[in-house]
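Notes for the one structure printed next.
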Amino acid sequence: RRVVVEVGELLAGVLDRPAGTPDHWRPCHGDLAPWNLRVARSGRVWVVDWEDSRFAPPGADELYSRLTAQITFGRPAVRAADRECVDWMTAMITARRSPDEPANSENTRLLAALDGLRRG
C-alpha cells in the first residue's frame with residue numbers, strides 16, 4: 001500500500017492530466033506487478049517499467065498488484081473492488097491482449113479474475 005501511495009505522489013508531479021479525464025482519477029503506474037518491483041538490500045523498494053503510467057480510477061494500482069499476486073503466487077483471491085476500477089482494468093487488459101494468446105496467459109487469467117469480481 002505504501003508503494004502505491006508513493007508512486008501516485010511521484011507521478012502527480014510529472015504526468016499531465018489528459019483532457020476529459022474524470023476529476024477523481026489519479027495517476028497510476030499501470031503495471032504495478034511483482035515483476036516490476038525490486039527490493040534493495042537496504043529494504044528500499046524500486047519500481048521499474050513506467051511506460052504504462054497514466055490516469056486511472058482510484059485503486060487501480062492496488063487492484064492490479066493484488067490480482068497479479070493472486071495469479072502468480074496463488075495469494076488469496078481478491079474479494080472486492082470498485083466497479084469503475086474493475087471495468088477500466090478489464091478494458092485496459094482486453095486492449096493489450098493478443099487474439100492468439102494461450103488460454104493460460106497472464107492476460108487471460110487476469111480477465112478471468114476480473115470477471116469473478118464483477119460477478120461478485
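The values are calculated or read from the model by the stated rules, or taken from the named source; none is laboratory data. Keep in mind that what you see is a predicted model, and the values were worked out from it rather than measured. Backbone-built Cβ (ideal geometry, glycine too); neighbour counts: all protein chains shown. Areas reflect the complete protein model, heavy atoms only, side chains present, ligands, DNA and RNA absent. Shrake-Rupley method; radii C 1.70, N 1.55, O 1.52, S 1.80 Å.
Worth a mention:
- Residue check, ARG66 surrounded by fewer than 13 Cβ atoms within 10 Å (Cβ to Cβ), touching a Lys or Arg at 6+ places or on another chain (Cβ under 8 Å) and closer than 19 Å to LEU117 by Cα: no
- When the stretch 71-109 is filtered for residues that are out of contact with any Pro (no Cβ under 7 Å at 6 or more places or on another chain), assigned to a helix (DSSP H, G or I) and surrounded by 13 or more Cβ atoms within 10 Å (Cβ to Cβ), the ones remaining, listed by number, are ILE71, VAL86, ASP87, MET89, THR90, MET92, ILE93, GLU106, ASN107, THR108, ARG109.
- Candidate set: the stretch 45-76, residues that are under 16 Å from ARG1 (Cβ atoms) and charged (D, E, K, R); chosen: the one modelled with the lowest pLDDT: ARG75
- Filter result for ALA112 (open to solvent by 40 Å² or more (accessible area, probe 1.4 Å) and either in a loop (DSSP other than H, G, I, E, B) or at pLDDT 95 or above (or both)): no
- Qualifying positions in the stretch 21-44 - of a type in the set (Asp, Glu) and either in a strand (DSSP E or B) or at pLDDT below 95 (or both): ASP31
- Number of residues in the stretch 24-50 that are open to solvent by 50 Å² or more (accessible area, probe 1.4 Å) and under 17 Å from MET89 (Cβ atoms): the value is 2.
- Scope the stretch 7-23; condition under 17 Å from the mean Cα position of the chain (by Cα) and open to solvent by 90 Å² or more (accessible area, probe 1.4 Å); matching residues: GLU9, LEU10
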